[in-house]
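Quick notes on the structure that follows.
The values are calculated or read from the model by the stated rules, or taken from the named source; none is laboratory data. Model, not experiment: these values are computed from the prediction. Note that we place each Cβ from the backbone using ideal geometry, even for glycine, and neighbour counts take in every protein chain shown. To get the accessible areas, we keep the full protein, side chains included, count just its heavy atoms, and leave off ligands, DNA and RNA. Shrake-Rupley method; radii C 1.70, N 1.55, O 1.52, S 1.80 Å.
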Amino acid sequence: MTLIGIPGKDSRDDMVRFVSGFGLENIPHLPDDSAGLWDKFDVKFVSYWVLVRTDGTEERSAGALPEHLVADALSAG
């Protein structure tokens with residue numbers, strides 16, 4: 001599993017502050033400047049996450065990403 005942050009709907013400076021403020025510098029981030037991905041996956045706010053599996057199925061929720069998903073992503077590297 002690859003964990004990628006997709007910051008969007010904000011300025012680049014605010015995105016950088018968010019990533020740094022939450023200690024997320026160790027995962028790649030691909031800014032969604034146009035909010036196209038946010039719109040496609042119906043993301044409404046920052047603490048919303050979507051897991052897209054290789055078979056195309058999705059898991060989504062608001063709040064913190066479950067620790068077991070983070071552990072899986074980090075151990076797969």
Worksheet item: Within the group LEU24, LEU37, LEU51, which residue is within 11 Å of the chain's Cα centre (by Cα), modelled with pLDDT under 85 and not basic (Lys, Arg)?
Response: LEU51
Item to complete: Would you please name the residue that is farthest from the chain's Cα centre (by Cα), looking only at residues in segment 1-19 that are without any contact (Cβ under 8 Å) to a residue 24 or more places away in the chain and in a helix (DSSP H, G or I)?
Response: ASP13
Worksheet item: Of all residues in segment 23-37, which are assigned to a helix (DSSP H, G or I) and surrounded by fewer than 13 Cβ atoms within 10 Å (Cβ to Cβ)?
Response: GLY36
Worksheet item: Can you name the number of the only condition in (1) touching a strand residue (DSSP E or B) at 6+ places or on another chain (Cβ under 8 Å); (2) open to solvent by 70 Å² or more (accessible area, probe 1.4 Å) that MET15 fails?
Response: (2)
Discussion item. The conditions are (1) free of Cβ contacts under 8 Å to residues at least 40 places away in the same chain; (2) in contact with an Asp or Glu (Cβ under 9 Å, 6 or more places away or on another chain), and LEU69 fails exactly one of them. Which is it?
Written reply: (1)
Worksheet item: How many of the residues in segment 38-59 are part of a helix (DSSP H, G or I) and open to solvent by 80 Å² or more (accessible area, probe 1.4 Å)?
Response: 2
